[in-house]
Amino acid sequence: MSIALYMDENVPRQITVGLRLRDVDILTVQEDERAGTLDPQVLARATELQRVLFSRDDDLLTLAHQRQKDGVAFPGVVYSHPQGIGIGDCVRELEIIAKASTLEDTLNQVQYLPF
């Protein structure tokens, strides 16, 4: 029981590295050769890949909430305000989400860090 994460391009590299050191399945927008992609396409790509999207971009919150309102499925979004949580705490909380959740748990959900 675990989920894979798709990291928006505004996520600091330290978060990605920290999660990989904890054996969390991560794919970044940059690794997916989608750097510079508009937010709607980033969320669509995460949905295509069945990966929960982690972002620190509040525009993605608007997109996720619109999808909820319209009944358009997505695998979930985890949001953290850039100044709302430190890198270490962010890594720990994302690890918990990744390892303790299933896609069924996160489907069409928006989660906020810190808990």
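Name the residue, out of LEU19, LEU94, LEU43, that is over 11 Å from the mean Cα position of the chain (by Cα), assigned to a helix (DSSP H, G or I) and at pLDDT 95 or above.
So the residue among LEU19, LEU94, LEU43 that is over 11 Å from the mean Cα position of the chain (by Cα), assigned to a helix (DSSP H, G or I) and at pLDDT 95 or above is LEU19.
Do we have TYR79 as more than 21 Å from GLN30 (Cα to Cα) and within 11 Å of the chain's Cα centre (by Cα) here?
The answer is no for TYR79.
Could you list, in sequence order, the residues of segment 18-43 that are surrounded by fewer than 16 Cβ atoms within 10 Å (Cβ to Cβ) and either closer than 21 Å to SER101 by Cβ or in contact with a Ser or Thr (Cβ under 7 Å, 6 or more places away or on another chain) (or both)?
ARG20, LEU21, ARG22, ASP23, ASP25
Restrict the check to segment 69-80 and report whether at least one residue is touching a residue at least 40 places away in the same chain (Cβ under 8 Å), in a helix (DSSP H, G or I), surrounded by 12 or more Cβ atoms within 10 Å (Cβ to Cβ) and not basic (Lys, Arg).
Checked segment 69-80: no residue is touching a residue at least 40 places away in the same chain (Cβ under 8 Å), in a helix (DSSP H, G or I), surrounded by 12 or more Cβ atoms within 10 Å (Cβ to Cβ) and not basic (Lys, Arg).
How many residues are of a type outside the set (Val, Ile, Thr) and either farther than 17 Å from ARG56 by Cα or outside any loop (DSSP other than H, G, I, E, B) (or both) when one looks only at segment 81-91?
So the answer is 3.
Just need a number here: residues in segment 46-62 that are buried (at least 21 other Cβ atoms within 10 Å of the Cβ) and over 15 Å from GLU9 (Cβ atoms).
Of the residues in segment 46-62, 1 are buried (at least 21 other Cβ atoms within 10 Å of the Cβ) and over 15 Å from GLU9 (Cβ atoms).
I'm checking my understanding of the structure. Among residues of segment 2-16 that are assigned to a loop (DSSP other than H, G, I, E, B) and modelled with pLDDT of 95 or more, which one is farthest from GLU104 (Cα to Cα)?
Checking each candidate, the answer is PRO12.
The values are calculated or read from the model by the stated rules, or taken from the named source; none is laboratory data. Quick caveat: nothing in here was measured; it's all calculated off a predicted structure. Every residue, glycine as well, gets a Cβ built from its backbone with ideal geometry; the counts of neighbours run over all protein chains shown.
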